[in-house]
Amino acid sequence: MTGNERVKKVIQWLVSQGIVENQKDLAKKIGYNSSTISHIISGVKSVSGKFVQNLCSLSDKVNPNYLLSDDPVMLFADDRHRSIHEYVAGQQKSIEEAAEKLTALQSSDGYLLVPVYNFDAVGGMNAANDITDAPAYIEKYVPFVGAHDEDICVHVTGNSMIPTYSPGTLLLIRKVEGWREYFGYGHSFVLFLNDGRRILKEVRKFTENSKDFVLCVSHNKEYEPEELPKSMIVSVYKVIMALTNDGF
């Protein structure tokens, strides 16, 4: 099915739902003239991203990727369906794999949609975060089985934690309350520091002075372990899961 044919199907659905009365009413509502709409439907004009954006503004149930690619899903049942589908599409699976994954996620129990924030966790001790001064906001939601309500997701930057966490890996992280009393050494954590940095490290006990310092260990053997004063740590998040393009 061509993009023009898909546009026609979406318009037919919009009419059936009473969102627009007809093609002329559609053109008026999205700021086009009727002849342009006719040319798009007939294939004389190609389907542009701007047109798709305007068309989808009439209903948040319409999947824009359906109009721009081979995505088989034309309509989202609700916001949860949209979030799950965007997650599947983001893994760059084939259409068949994506359909199977989407069906499995929709029918499974125990998963929770977790917010993905715009800021990153950098692997390097002395490397700067990609996002620094920008205010934090939620980019999208991703489903994880076994997630908790307060869990969040962030992306990894830097290469000091490869091969375990490559740049671009999505981390599901959970806040550690009472970390000053009990850290739970030997696991990977995202440490929020008082200078604004967010670093990803395996944290171990610093035997020479465990009261005031922790030992931050890189998984990339090119980087030596470094001690970090606990006084620099504002909050601690434990890595629960990691999602790459290859899956968990």
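Which of the residues that make up segment 54-71 are in a loop (DSSP other than H, G, I, E, B) and surrounded by 15 or more Cβ atoms within 10 Å (Cβ to Cβ)?
Selection gives LEU58, SER59, LYS61, ASN63, ASP71.
Restricting attention to segment 150-159, which residues are surrounded by fewer than 22 Cβ atoms within 10 Å (Cβ to Cβ), part of a loop (DSSP other than H, G, I, E, B) and at pLDDT 90 or above?
Selection gives ASP151, ASN159.
Within segment 136-156, can you find the residues that are under 21 Å from PHE189 (Cβ atoms) and of a type in the set (Val, Ile, Thr)?
Of everything in segment 136-156, those that are under 21 Å from PHE189 (Cβ atoms) and of a type in the set (Val, Ile, Thr) turn out to be VAL142, ILE152, VAL154, VAL156.
Take LYS221 and tell me if it is in contact (Cβ under 8 Å) with a residue 24 or more places away in the chain and of a type in the set (D, E, K, R).
Here the answer is no, as LYS221 does not meet what is asked.
Just one of (1) in a strand (DSSP E or B); (2) at pLDDT below 95 trips up PHE189, so point out which.
With (1) in a strand (DSSP E or B); (2) at pLDDT below 95 applied to PHE189, the lone miss is (2).
Take PHE183 and tell me if it is assigned by TED's automatic domain parsing to the domain that holds PRO143, over 24 Å from VAL145 (Cα atoms), hydrophobic (A, V, I, L, M, F, W, C) and not in a strand (DSSP E or B).
For PHE183, the condition - assigned by TED's automatic domain parsing to the domain that holds PRO143, over 24 Å from VAL145 (Cα atoms), hydrophobic (A, V, I, L, M, F, W, C) and not in a strand (DSSP E or B) - is met.
So which residues in segment 165-197 are farther than 20 Å from PHE119 by Cα and within 20 Å of the chain's Cα centre (by Cα)?
Result: no residue meets the conditions.
Can you tell me which residue among ALA121, ALA147 is modelled with pLDDT of 85 or more, assigned to a loop (DSSP other than H, G, I, E, B) and either within 12 Å of the chain's Cα centre (by Cα) or under 18 Å from ILE240 (Cβ atoms) (or both)?
Residue meeting the stated conditions: ALA147.
Any residue at all in segment 3-22 that's surrounded by fewer than 17 Cβ atoms within 10 Å (Cβ to Cβ), touching a Ser or Thr at 6+ places or on another chain (Cβ under 8 Å) and modelled with pLDDT of 85 or more?
Within segment 3-22 (the criterion being surrounded by fewer than 17 Cβ atoms within 10 Å (Cβ to Cβ), touching a Ser or Thr at 6+ places or on another chain (Cβ under 8 Å) and modelled with pLDDT of 85 or more), the answer is yes, since at least one residue qualifies.
The values are calculated or read from the model by the stated rules, or taken from the named source; none is laboratory data. The shown structure was predicted, so the numbers you read here are calculated from the model rather than taken from an experiment. In this analysis, Cβ positions are derived from the backbone assuming ideal geometry, glycine residues included, and neighbour counts consider all displayed protein chains.
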